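Following: one structure in structure tokens, then a few remarks.
The values are calculated or read from the model by the stated rules, or taken from the named source; none is laboratory data. Everything numeric in this text was worked out from a predicted model, so none of it was measured. All Cβ positions, glycine included, derive from the backbone under ideal geometry; neighbour counts span all protein chains shown.
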Amino acid sequence: MLPSTIISAVGVTRTHGAGDEAVHALDGVSVDVPAGRLTAISGSPGAGKTTLAHLLGGLDRPTAGSIEVDGIELTALDDDDLAALRRDLFGYVFRAPNLLPVLTVDENVLAPQWVAGRRPGRRRLELSIELAGLGAHRRLLPAQLTGVQQQRVAVARALLGEPAVVFADEPAGDLDEDDAAELLGLLRRVVDELGQTVVLLTRDARAAAALAHRVVTLDGGRRSMCVAPRVPGTRNLAHIGARAAAPGRRRRIRARTPPV
Ligand SMILES: Nc1ncnc2c1ncn2[C@@H]1O[C@H](COP(=O)(O)OP(=O)(O)OP(=O)(O)O)[C@@H](O)[C@H]1O
């Protein structure tokens, strides 16, 4: 069965400034994000990846075009409703984990929910912590964790609110190759095991092709192509992530590539 579309963007443009000074960060881009799949937005620096993700994720508004999320037209919402939609429907993982240094791993994962006045169920907390491979680190402070462990906390934190979509903006940008593979593999497992929709922004076209069900490539603010991967010779990053996040259990989780 084909997946449903959770985000549909049509003719989205984002222009900064006006007249001779105008910068067209995005120029008439249309894209569908299938539910329960990993969609990668790839492209070289300045291609418009962050701009597109900010628009799809309700962090910015388009100059023109339409963006529908789960049947809701984002451009029709006022600022309060857009903020509520962001809180209810989206989770974010950025390049920097942005953890609070005085809080433990568990507390960092829970903090945004507390701030929003929510009390997440214990099962969801256990699931998020376990999937991110943090079971042995729950009482540690961020300074006691490695860089990739800190990013895994950021993933668990994004998952806890059961978002419709997780946006991951260059989440492995500050990690070395092995740690990056581990983190990206975790994002793929989040999709395979939870049915979570993930939108990954990356400059790394090979990683995007190896991991994603769908790759949206941007160039100069426009779509340049859309491919259904698998690129021969690329490593199975999802498997690497599974092994690293769950030492001892060695669950063999293969990246599946269902049609989109
Ligand atoms: N607030 C802004 N004002 C002016 N120009 C902007 C602004 N934000 C982005 N741009 C420009 O829009 C273009 C796309 O930027 P964007 O950050 O979306 O690209 P990117 O693909 O995410 O790049 P990177 O991989 O370096 O993060 C770039 O030329 C950038 O300089």
### Message
Take the conditions of a type outside the set (A, V, I, L, M, F, W, C), more than 15 Å from the ligand (Cβ to nearest atom) and at pLDDT 95 or above and apply them to Arg14. Does it pass?
### Response
no
### Message
Looking at the stretch 193-204, I want the residues that are in contact (Cβ under 8 Å) with a residue 60 or more places away in the chain and have a partner that is among the basic types (Lys, Arg) with Cβ atoms under 6 Å, at least 6 apart or on another chain. Which pairs are those?
### Response
Leu201/Lys49
### Query
Within the stretch 92-110, is even one residue in a strand (DSSP E or B) and touching a residue at least 24 places away in the same chain (Cβ under 8 Å)?
yes
### Query
In this structure, is Glu21 more than 8 Å from the ligand (Cβ to nearest atom) and at pLDDT below 95?
yes
## Note on the structure
Only one of Leu125, Leu134 is over 28 Å from Ala9 (Cα atoms), away from the ligand (no atom under 16 Å from the Cβ) and crowded, with 21+ Cβ neighbours inside 10 Å, namely Leu134
### Task
For the stretch 35-78, enumerate the residues that are within 16 Å of the ligand (Cβ to nearest atom), part of a helix (DSSP H, G or I) and out of contact with any Lys or Arg (no Cβ under 7 Å at 6 or more places or on another chain).
Lys49, Thr50, Leu52, Ala53, His54, Leu56
### Query
Can you find a residue in the stretch 50-70 that is surrounded by 16 or more Cβ atoms within 10 Å (Cβ to Cβ), under 27 Å from Leu140 (Cα atoms) and of a type in the set (Ser, Thr, Tyr)?
no
### Task
Scan the stretch 164-216 for residues that are out of contact with any helix residue (DSSP H, G or I) (no Cβ under 7 Å at 6 or more places or on another chain), of a type in the set (Val, Ile, Thr) and part of a helix (DSSP H, G or I) and jot them down.
Val191
